[in-house]
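Take a look at the structure below.
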Ligand code: SAH
Ligand code: SF4
């Protein structure tokens, strides 16, 4: 939603000052589906706005609901024809979290990730990021009056810190009480380890949660698994994390996707522990383990028993560990599966 353009247009038409506020509140507080539903506006104005403006900068093309009903994936067509995806997740009853994309594709090119295999097409604008949340707000408003977006995670397509400025603008919009009003502590940004971005984020958004996708603490393995490691090797990443913790006093979420034959053995769990220990006391970390989601490549998830053993081992050493439930894999909406493959060639 480009409210500034709408505001300018309203002014040009000589409309009273409060119209912009009425429109903003209708979209961001009531999540109306379009201008025609803003009954507080005179009918001719509603029609004129509807003809002149589109509420969303992206066009939903396909919405898929997972069999369990706890994940919904939307594919959006952008103005230039590119496609991005966003997922609505139910993490607890009535509490909905939106997973947003920040780029079309991703330039980090992690070989295990479906988004990475596409490479980077382009950055999303702040509107294109927040409009994903606006779309889900509208979607939930249609479903029932108490359904609301309670949180946002920047864990969709793209590396947020490679599009820092747009991500920063979108974070301000999401937490602004005049717009979405989502508390910063209910928002999380996940990075593949962009050390410079982490430092800037610590200064500018100390209340927003930070997740670091570590996956391995073996330099050679990480060079292959997360190619950005060549730019920001483990040593630099550790320094940035230390600085983040010093500046914010918040905990860091460590993302660790378990892959058979790569990083899922007990010895890998010990290495992870040994690596974290000098960065900060373990109470400053939550380790989110996630069994690898199939993306059609060569990587495989370890057995359930192995995932549990990995978690138990770290817990025994005093770490806080969660094993992430993988929602939406039947609609290719789980972590790492977003690639808009279902829309290839379709207009
Ligand atoms: N680019 C950012 C955020 C998006 S990816 C990042 O990498 O952190 C969101 C999370 O899903 C990351 O932790 C990523 O490593 C993980 N992921 C990617 N592909 C996956 C897969 N196939 N199975 C499980 N997790 C995966
Ligand atoms: Fe990009 Fe994250 Fe996928 Fe790596 S895991 S390719 S950084 S989206």
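Inside the range 266-283, can you point out the residues that are touching a helix residue (DSSP H, G or I) at 6+ places or on another chain (Cβ under 8 Å) and either at pLDDT 95 or above or outside the structural domain of residue 201 (by TED's automatic domain parsing) (or both)?
If the condition is that a residue be touching a helix residue (DSSP H, G or I) at 6+ places or on another chain (Cβ under 8 Å) and either at pLDDT 95 or above or outside the structural domain of residue 201 (by TED's automatic domain parsing) (or both), then 266, 268, 269, 270, 272, 273, 275, 276, 278, 279, 280 are the ones that fit.
Would you mind finding the one in 69, 14 that is over 18 Å from residue 179 (Cβ atoms) and either crowded, with 18+ Cβ neighbours inside 10 Å or not assigned by TED's automatic domain parsing to the domain that holds residue 149 (or both)?
Being over 18 Å from residue 179 (Cβ atoms) and either crowded, with 18+ Cβ neighbours inside 10 Å or not assigned by TED's automatic domain parsing to the domain that holds residue 149 (or both) holds for just one of 69, 14, which is 14.
Just to be sure, is residue 192 in the same structural domain as residue 70 (by TED's automatic domain parsing) and at pLDDT below 95?
So residue 192 does not fit the description; no.
Residue-wise test of (1) surrounded by 22 or more Cβ atoms within 10 Å (Cβ to Cβ); (2) more than 16 Å from ligand 1 (Cβ to nearest atom); (3) farther than 17 Å from residue 187 by Cβ.
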{"site": "85", "(1), (2), (3)": "yes, no, yes"}
{"site": "113", "(1), (2), (3)": "yes, no, yes"}
{"site": "116", "(1), (2), (3)": "yes, no, yes"}
{"site": "119", "(1), (2), (3)": "no, no, yes"}
{"site": "123", "(1), (2), (3)": "no, no, yes"}
{"site": "130", "(1), (2), (3)": "yes, yes, no"}
{"site": "150", "(1), (2), (3)": "no, yes, no"}
{"site": "154", "(1), (2), (3)": "yes, no, no"}
{"site": "164", "(1), (2), (3)": "no, no, no"}
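Go over the candidates 116, 144 one by one and state the one that is outside the structural domain of residue 29 (by TED's automatic domain parsing) and either at pLDDT 95 or above or within 22 Å of residue 253 (Cβ to Cβ) (or both).
Result: 116 is the single residue among 116, 144 that is outside the structural domain of residue 29 (by TED's automatic domain parsing) and either at pLDDT 95 or above or within 22 Å of residue 253 (Cβ to Cβ) (or both).
For the structure I just gave you, tell me whether residue 193 is touching a residue at least 60 places away in the same chain (Cβ under 8 Å), within 16 Å of ligand 2 (Cβ to nearest atom), under 16 Å from the mean Cα position of the chain (by Cα) and under 25 Å from residue 245 (Cα atoms).
Criteria not met by residue 193.
Take the conditions at pLDDT below 90, in a helix (DSSP H, G or I) and either within 26 Å of the chain's Cα centre (by Cα) or surrounded by 17 or more Cβ atoms within 10 Å (Cβ to Cβ) (or both) and apply them to residue 342. Does it pass?
Judged against the criteria, residue 342 is a match.
Can you find even one residue in the range 295-305 that is away from ligand 1 (no atom under 15 Å from the Cβ) and surrounded by 15 or more Cβ atoms within 10 Å (Cβ to Cβ)?
Taking every residue of the range 295-305 in turn, none turns out to be away from ligand 1 (no atom under 15 Å from the Cβ) and surrounded by 15 or more Cβ atoms within 10 Å (Cβ to Cβ).
Which one is surrounded by the most Cβ atoms within 10 Å (Cβ to Cβ) among residues in the range 204-227 that are without any contact (Cβ under 8 Å) to a residue 40 or more places away in the chain and more than 16 Å from the chain's Cα centre (by Cα)?
Here the answer is 222.
Checking the conditions here, which among 301, 309, 339 is farther than 30 Å from residue 248 by Cα and not assigned by TED's automatic domain parsing to the domain that holds residue 89?
Sole residue among the options that is farther than 30 Å from residue 248 by Cα and not assigned by TED's automatic domain parsing to the domain that holds residue 89: 339.
For the range 235-253, how many residues meet the condition of being closer than 20 Å to residue 113 by Cα and over 20 Å from the mean Cα position of the chain (by Cα)?
Matching residues across the range 235-253 total 0.
Between 224, 172, which is part of a helix (DSSP H, G or I), in the same structural domain as residue 124 (by TED's automatic domain parsing) and closer than 24 Å to residue 123 by Cβ?
Result of the check over 224, 172: 172.
Return a yes/no flag: does the range 50-69 have any residue that is within 30 Å of residue 92 (Cβ to Cβ) and part of a helix (DSSP H, G or I).
no
Which condition number in (1) away from ligand 2 (no atom under 16 Å from the Cβ); (2) surrounded by fewer than 22 Cβ atoms within 10 Å (Cβ to Cβ); (3) under 18 Å from the mean Cα position of the chain (by Cα) is the one that residue 188 fails?
With (1) away from ligand 2 (no atom under 16 Å from the Cβ); (2) surrounded by fewer than 22 Cβ atoms within 10 Å (Cβ to Cβ); (3) under 18 Å from the mean Cα position of the chain (by Cα) applied to residue 188, the lone miss is (1).
Test of understanding: among 180, 201, which residue is in a loop (DSSP other than H, G, I, E, B) and in contact (Cβ under 8 Å) with a residue 24 or more places away in the chain?
From the options 180, 201, the qualifying one is 180.
Without any contact (Cβ under 8 Å) to a residue 12 or more places away in the chain, within 16 Å of ligand 2 (Cβ to nearest atom), out of contact with any helix residue (DSSP H, G or I) (no Cβ under 7 Å at 6 or more places or on another chain) and within 20 Å of residue 255 (Cβ to Cβ) - does that describe any residue in the range 149-157?
No, the conditions are met nowhere in the range 149-157.
The values are calculated or read from the model by the stated rules, or taken from the named source; none is laboratory data. Source: prediction; values computed, not measured. All Cβ positions, glycine included, derive from the backbone under ideal geometry; neighbour counts span all protein chains shown.
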